[in-house]
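Before any comments, here is the structure.
Rule-based calculations on the coordinates, nothing more; no lab input. Just so we're clear, the structure is a prediction, and the values are computed from it rather than from any experiment. In this analysis, Cβ positions are derived from the backbone assuming ideal geometry, glycine residues included, and neighbour counts consider all displayed protein chains.
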Amino acid sequence: MKILGKIIFLPVAIAVVLFAIANRHEVGIDFWPLPFDAKTPLYVALLGALALGILIGAAASSVSVGKWWLRARANARRKPAAPGSSELMHGPVSGNAGYPGPTLTQPHSSLPAVRRAASGDD
């Protein structure tokens with residue numbers, strides 16, 4: 001994974017440096033409606049706008065994912081199911097309104113009967 005990160009980071013870093021070298025002329029930025037303005041190189045203005053957009057997007061994403069993150073943490077704090085219990089395979093037996101899978105009140109209790117009926121041993 002470290003090598004993959006370096007393979008991706010190196011071309012991006014080179015592109016950013018080349019972009020900065022090619023866009024060194026100064027531009028004026030007016031912070032309307034505030035009474036401020038600034039002169040800065042074009043690459044600083046564009047890369048700053050890109051960084052600000054990434055930060056705003058990350059904040060919006062974390063807000064929208066927050067309820068799922070809290071639910072996952074609450075589930076992680078719950079007492080884990082005992083080994084061999086039906087809850088590991090089928091989810092909670094009762095009170096599982098949010099569980100999308102099948103609800104079994106007595107898991108595997110009918111399995112031997114199904115085998116006997118299919119084989120005609122009765």
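Only Cα pairs under 8 Å and at least 6 apart count here; give the relative contact order of segment 1-80 as a rounded whole percent.
On the way: 31 pairs, mean separation 14.0, N = 80.
Relative contact order comes out at 18 percent.
Using the basic label-point model (7 angstrom from Cα toward the beta carbon), what is the A13 to L70 distance in nanometres?
Output for this residue pair reads 4.0 nm.
When the Karplus curve 6.51 cos²θ - 1.76 cosθ + 1.60 is applied with θ = phi - 60°, which whole-Hz ³J(HN,Hα) does each residue of segment 53-63 get, with x for Gly and Pro?
Along segment 53-63, the couplings run x, 5, 5, 5, x, 5, 5, 5, 5, 5, 5 Hz.
Ignoring solvent entirely, what values of log10 I(q)/I(0) come out of the Debye formula for segment 1-80 at 0.11, 0.19, 0.21 Å⁻¹ when each Cα is a single scatterer?
-0.58, -0.97, -1.02
Check each of the trypsin sites (Lys or Arg not before Pro) in segment 1-62 and keep only those in coil by DSSP with at most 13 other C-beta atoms within 10 angstrom; list them in order.
On the way: sites: K2, K6, R24, K39; in loops: R24.
Qualifying residues, ordered by number: R24.
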